[in-house]
Amino acid sequence: MFDLKQIRKDFPILAREVNGKPLVYFDNAATSQTPKQVIDVIVDYYSNYNANIHRGVHTLSQEATDMYEQARQTIQKHFNIAKAQEVILTSGTTHGINLVANGYDAFLNDGDEILVSAMEHHSNIVPWQMLCERTGAKLKVIPMNEKGELLLGEYHDLLSEKTKLVFCNHVSNALGTINPIEKIIESAHKVGAAVLIDGAQAAPHIKADMQSLNVDFYTVSAHKICGPTGVGMLYGKEELLQKLPPYQGGGEMIAEVTFEKTTYADLPHKFEAGTPNICGGIAFGEALNYMNAIGFDAIAKYEHELLEYATEKLLEIEGLKIYGTAAHKTAVISFNIDGLHPYDIGSILDKLGIAVRTGHHCAQPIMDFFKIPGTVRASFSFYNTTEEVDILVAGVQRAKNMLQ
Ligand SMILES: *Cc1c(COP(=O)(O)O)cnc(C)c1O
């Protein structure tokens, strides 16, 4: 049962005030809030069994190791991953992408091609540009239309035997578009290219199945799925992870070290140099348990209702334009009002206790495409309410009256 009242009680932060008004938190695409179940796990870790993992013979270290590895299994099960060693715990999506991009140095040659979509987050553009600079490979862009939908016909034309890698987000953080990644993956595989999907924005709304997607790499950040910051997952197919050279050297990632030569540890440890975010990993597992107990189908259904309601109400405001009108989208609304700067609208909303994001949302190429400096972005989560949407709409109307 989807019990909104109970759910809201789980999030202590939702009870606070901002500028004397009840907080309305609509910046969920930047980071989600944390339920007390996850906060409790963090307090429990530091209160009762804080220790380094995989090294100690002592009890605390064994308890911490067991909990950390249990979290890895929770993550494995959630994403339907075949083997636990295919789950690399990272510091987040950005880390996961850089890990793969750096490893690919070994496999790319001058003249090879990498395709990225036109609606990527900077963290899924810059590492590939750096990779191209190092290897001489060429970056090509899969274009989109005015609704913010990728043009699959053009994508197919870009694919060739020169294509070695394809990168695309599952859901666009700036537009909310849910991309047809099944088709993107299948077509890339036909020319022998590997695919990395940035799942950072999809994970809070869609339970992605790594085996049925047959994706090569998939990255997420825990802090967008009710978990803490500084931890995330990189999924990779075992055979690819075996071939990929390690990204960082250090403790934990070695089998044997002499000054002449080092051999690397088995997966996943080869990619997990140094002391990881142990508490964060355990809390990440708990966040997935929390969301699964509510159920991703119920979450998606409710968020879709919020999206439809908010879209209808916001469009009643004269001069308001929504960017990102794809047929399939998550509960994200990017908008502008004729003649007004997004930052000014965002500042007035903050005075009213409403948290939205303004700016380019780490996706400048999208803003260039629409020829705008940025947008106001309201992004919804399953703990938001229609009453909060009404407060937003009234706030935007008020900002418009004040600024025009
Ligand atoms: C948030 C986000 C990222 C970056 O995630 P970090 O946690 O900052 O590493 C990458 N891609 C998309 C689509 C995002 O929404």
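Overall shape: oblate for the chain, with the ratio a/c of the largest to smallest alpha carbon gyration tensor axis at 1.5 or above and b/c at least equal to a/b. The string of couplings for the stretch 22-37 from the Karplus curve (6.51, -1.76, 1.60, θ = phi - 60°) is x, 4, 10, 9, 10, 10, 5, 6, 8, 6, 8, 8, 10, x, 5, 4 Hz, one whole number per residue in order, with x for Gly and Pro. Rounded to 0.05, the FRET efficiency of the D338 and Q6 pair, given R0 = 35 Å and the Cβ-Cβ distance, is 0.30.
Whole angstrom only: what separates the Cα centroid of the stretch 107-152 from the Cα centroid of the stretch 247-319? When both Cα centres are located, 23 Å separates them. Report S221's accessible area, 1.4 Å probe, all protein chains in place, as a number in Å² to the nearest 10. Solvent-accessible area, nearest 10 Å²: 10 Å². The label point for N50 and the one for H328, both projected 7 Å from the Cα toward the Cβ, are 4.4 nm apart.
If the segment from E17 to T229 were pulled out straight at 0.36 nm per residue, it would be longer than the present Cα-Cα gap by 74.1 nm. In the chain, the DSSP-assigned H stretches of four residues or longer account for a calculated mean residue ellipticity at 222 nm of -11500 deg cm²/dmol, using -39500 (n - 2.57) per stretch and the full residue count as denominator. Extension gain, A255-K183: 0.36 nm per intervening residue step, less the Cα-Cα distance, totals 22.0 nm.
The accessible area of I391, taken with all protein chains in place and a 1.4 Å probe, comes to roughly 80 Å². For D390 and V141, the difference between the fully extended length at 0.36 nm per residue and the C-alpha to C-alpha distance is 85.8 nm. Applied to the stretch 175-185, the Karplus parametrisation 6.51 cos²θ - 1.76 cosθ + 1.60 on θ = phi - 60° returns per-residue 3J(HN,Hα) values of 10, x, 4, 8, 7, x, 5, 4, 5, 4, 5 Hz, with x for Gly and Pro.
Order the following by accessible area, largest value first: E238, E303. Probe radius 1.4 Å; ligands, DNA and RNA are ignored.
Numbers: E238 40, E303 10 Å².
In descending accessible area the options line up as E238, E303.
The listed residues R357, R55 rank as R55, R357 when sorted by accessible area, largest first, using a 1.4 Å probe.
Per-residue SASA remark: H223, around 40 Å² accessible (1.4 Å probe; ligands, DNA and RNA not included).
Please list V393, V220 in order of solvent-accessible area, largest first, computed with a 1.4 Å probe with all protein chains present.
On the way: V393 25, V220 0 Å².
Ranked from most to least accessible, the order is V393, V220.
Between N80 and L403, the simple spin-label model (points 7 angstrom out along Cα→Cβ) gives 4.4 nm. Here K147 is the anchor, and the lysines within straight C-alpha reach of less than 24 Å, apart from those fewer than 8 places off in the same chain, are K183, K301, K313, K321, K329, K371.
The values are calculated or read from the model by the stated rules, or taken from the named source; none is laboratory data. Given the structure is predicted, the values throughout are model-derived calculations rather than measurements. Backbone-built Cβ (ideal geometry, glycine too); neighbour counts: all protein chains shown. Heads up: the accessible areas ignore ligands, DNA and RNA and are worked out on the full protein's heavy atoms, side chains in. Shrake-Rupley method; radii C 1.70, N 1.55, O 1.52, S 1.80 Å.
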